[in-house]
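Each value in this text was obtained by applying a stated rule to the coordinates, not by laboratory testing. What you see is a predicted model; the values in this text were computed from it and never measured. Backbone-built Cβ (ideal geometry, glycine too); neighbour counts: all protein chains shown.
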């Protein structure tokens, strides 16, 4: 189940279809729909039981996932734009809506569901600039410096913009 090195070729998503996956509380894949398998290039046998990071593209700043996990582990649903890596090395950008699954009796988080759909070229252009800056800072100065840059960037765009509501306010960028 070796994945290829990233190549500069995008997968065009069907705007009418959703890529859906579910994980346990630790991020291990427990379900993925057929479209998720088709786009990622992995079969359900290859995906089930694997960490969701199997599709993480190296262009994505680690900070984004750190903040995303902090949000959902604290019980806060979040939306994010993410660049994923298919098994064959191609990439695809998705708008992802995360939902928290809780045990009905205890209220304890037992897993997460993510629904992904195609994202506009404009949003990709805007967010890829931000992510590129974050990634460069992470690589050169570390994650703490990248987090400081993100906080300053968001504050500059508006006092009420946070990582949790970044997608609702992306029109204020660039």
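If contacts are Cα pairs under 8 angstrom and at least 6 residues apart, what is the relative contact order of the chain in percent?
Normalised by residue count, the contact order of the chain is 24 percent.
Using only helices, what value at 222 nm comes out for the chain when you add -39,500 (n - 2.57) per DSSP H run of length 4 or more and divide by the total residues, to the nearest 500 deg cm²/dmol?
Value at 222 nm, helices only, nearest 500: -10500 deg cm²/dmol.
Hey, of (1) -0.25, -0.90, -1.15; (2) -0.31, -0.98, -1.13; (3) -0.31, -0.89, -1.06, which did the structure itself give for log10 I(q)/I(0) by the Debye sum over Cα atoms at q = 0.08, 0.15, 0.17 Å⁻¹ when calculated?
It is the one labelled (1).
If you average the C-alpha positions of region 1-52 and of region 114-174 separately, how far apart do those two centres end up, in angstrom?
Using only Cα atoms, the two centres lie 24 Å from each other.
Expressed as cubic angstrom per residue, what is the convex hull volume of the alpha carbon set of region 25-89? Each step should come with its number before you reach the end.
Values: hull volume 6.1 nm³, N = 65.
That works out to 94 Å³ per residue.
Let a ≥ b ≥ c be the square roots of the eigenvalues of the Cα gyration tensor of region 103-164; is it rounded (a/c under 1.5), or, if not, prolate (a/b larger than b/c) or oblate?
Numbers: a/c = 1.99, a/b = 1.54, b/c = 1.29.
Taking the square roots of the gyration eigenvalues as a ≥ b ≥ c, region 103-164 is prolate.
Determine, from the Cβ-Cβ distance of residue 76 and residue 43 and an R0 of 35 Å, the FRET efficiency 1/(1 + (r/R0)^6), rounded to the nearest 0.05. Could you put the intermediate results ahead of the total?
Values: r = 32 Å, r/R0 = 0.93.
Computed FRET efficiency for residue 76 and residue 43 comes out at 0.60.
Give, in nm to one decimal, the length gained when the segment between residue 18 and residue 99 is fully stretched (0.36 nm per residue of separation minus the Cα-Cα distance).
Values: separation 81, 0.36 × 81 = 29.16 nm, distance 1.43 nm.
Taking residue 18 through residue 99 to full extension adds about 27.7 nm, to one decimal.
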